[in-house]
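Asks: To start, I am sharing the structure in question, which I have written as structure tokens.
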């Protein structure tokens, strides 16, 4: 398939995926995921958190399924 797509020329479709230590999260969230020590956060370019998921693969899949371009942040 060689269909050209018009992509936005700004970073509005880019999201950033980064690991987050569960210990750094608010207590109400920690109580919901007691078995995990690390989760992955998905953020828009402006810093707004749009998701918190249990693994990196899920974060990337979520972004792609919603027409975002995921990028890793260390």
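Asks: What is the spin-label model distance, in nm, from residue 58 to residue 72 if the labels are put 7 Å beyond Cα along the C-beta direction?
Replies: Placing both labels 7 Å beyond Cα along the Cβ direction yields 1.9 nm.
Asks: What's the Cα-based Rg to Rh of the chain, Rh via Kirkwood? Mind showing how you got there, number by number?
Replies: Numbers: Rg = 14.3 Å, Rh = 13.4 Å.
With Rh from the inverse mean 1/r over Cα pairs, Rg/Rh is 1.07.
Asks: Quick check: the angle from helix 56-65's long axis to the longest principal axis of the chain, C-alpha only, nearest 10 degrees?
Replies: Tilt relative to the chain: about 40 degrees.
Asks: Pulled fully out, how much extra length does the chain show between residue 38 and residue 12, if you take 0.36 nm times their separation in residues and subtract their Cα-Cα distance?
Replies: Additional length available on full extension: 6.7 nm.
Where a number appears in this text, it was derived from the coordinates with a stated rule and is not lab data. Everything quoted here is computed from the prediction, not taken from an experiment. Quick reminder, even Gly has a Cβ in these numbers, built from the backbone with ideal geometry, and neighbours come from all protein chains shown.
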